Amino acid sequence: MCKAIGYSQDLLTVFNSINEEFNKLSHELSQSDLMEQDILHRIEKGGFNASEGYNLSKMLYLNRVERRKTKNELAPIRKLKQSFIDINIKSLKDTYDSIIRKDKILKNLTENKVYNNRVLRPNTNVKPVHKKVV
């Protein structure tokens with residue numbers, strides 16, 4: 001495999017990893033929001049004692065702490081994705097496809113060599129004379 005294919009595959013892997021991380025963090029944030037709504041609906045419904053109220057408050061607090069961690073991770077990943085990945089992914093994929101095509105053409109040419117002499121005549125044992133450049 002040519003080095004350009006390896007490099008472009010590595011770049012695509014990094015791009016895909018960033019997209020996967022963005023999607024994972026977005027999902028976690030969404031789940032935190034849904035959990036918060038569930039807790040708030042329980043509170044809205046009422047009918048709980050002080051101990052249950054404390055537990056709901058504690059659940060809300062812990063959910064908010066985890067949500068903040070997720071948001072703090074998501075913000076820079078979102079910036080990277082919007083400013084770099086989204087802009088360059090199509091170009092990288094097109095370049096990768098072009099590299100694959102070019103590599104196949106070059107391999108085919110190498111395997112099926114056809115060479116036409118430019119200076120050396122066929123069936124000649126005499127080497128061409130080259131002038132020395134001083």
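Derivation of every value follows stated rules applied to the coordinates shown; laboratory data play no part. Please read these numbers as outputs of a predicted model, since none were measured by experiment. Glycine also receives a Cβ, built like all others from the backbone with ideal geometry; neighbour counts cover every protein chain displayed.
Numbers at a glance
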item: Nearest 10 degrees, 0 to 90: helix 50-80 Cα axis against the chain principal axis; result: 20 degrees
item: Whole-Hz ³J(HN,Hα) from phi, Karplus 6.51 cos²θ - 1.76 cosθ + 1.60, for the range 90-107, glycine and proline x; result: 5, 4, 5, 5, 5, 5, 4, 4, 5, 5, 4, 4, 4, 4, 4, 4, 5, 5
item: Label point distance in nm, residue 120-residue 13, each placed 7 Å from Cα along Cα→Cβ; result: 4.2 nm
item: Efficiency of FRET from Cβ geometry, residue 57 and residue 24, R₀ 30 Å, rounded to 0.05; result: 0.60
item: Reachable aspartates and glutamates from residue 93, criterion Cα separation under 13 angstrom, eight or more residues apart if same chain; result: 10
item: FRET efficiency, residue 40 to residue 68 (Cβ-Cβ, R0 22 Å, nearest 0.05); result: 0.80
item: Aspartates and glutamates whose Cα lies under 15 Å from that of residue 45, excluding same-chain neighbours fewer than 8 positions away; result: 36
item: Candidate values (i) 15.3, 47; (ii) 19.6, 65; (iii) 31.4, 106, label of the one derived for Rg and Dmax of the Cα atoms in Å; result: (iii)
item: Pairwise FRET efficiency - residue 101 versus residue 80, Cβ, R0 = 22 Å, nearest 0.05; result: 0.15
item: Charge context of residue 9, other residues only, Cβ under 13 angstrom, K/R +1, D/E -1; result: -1
item: For the chain, the longest site-free run once trypsin sites (Lys or Arg not before Pro) in DSSP loop states with at most 13 other Cβ atoms within 10 Å are removed; result: 1-112
item: Cα centre as origin, Lys/Arg/Asp/Glu Cβ charges: the chain dipole, Debye; result: 1480 debye
item: The chain: relative contact order as a whole-number percent, Cα under 8 Å and 6+ apart; result: 37 percent
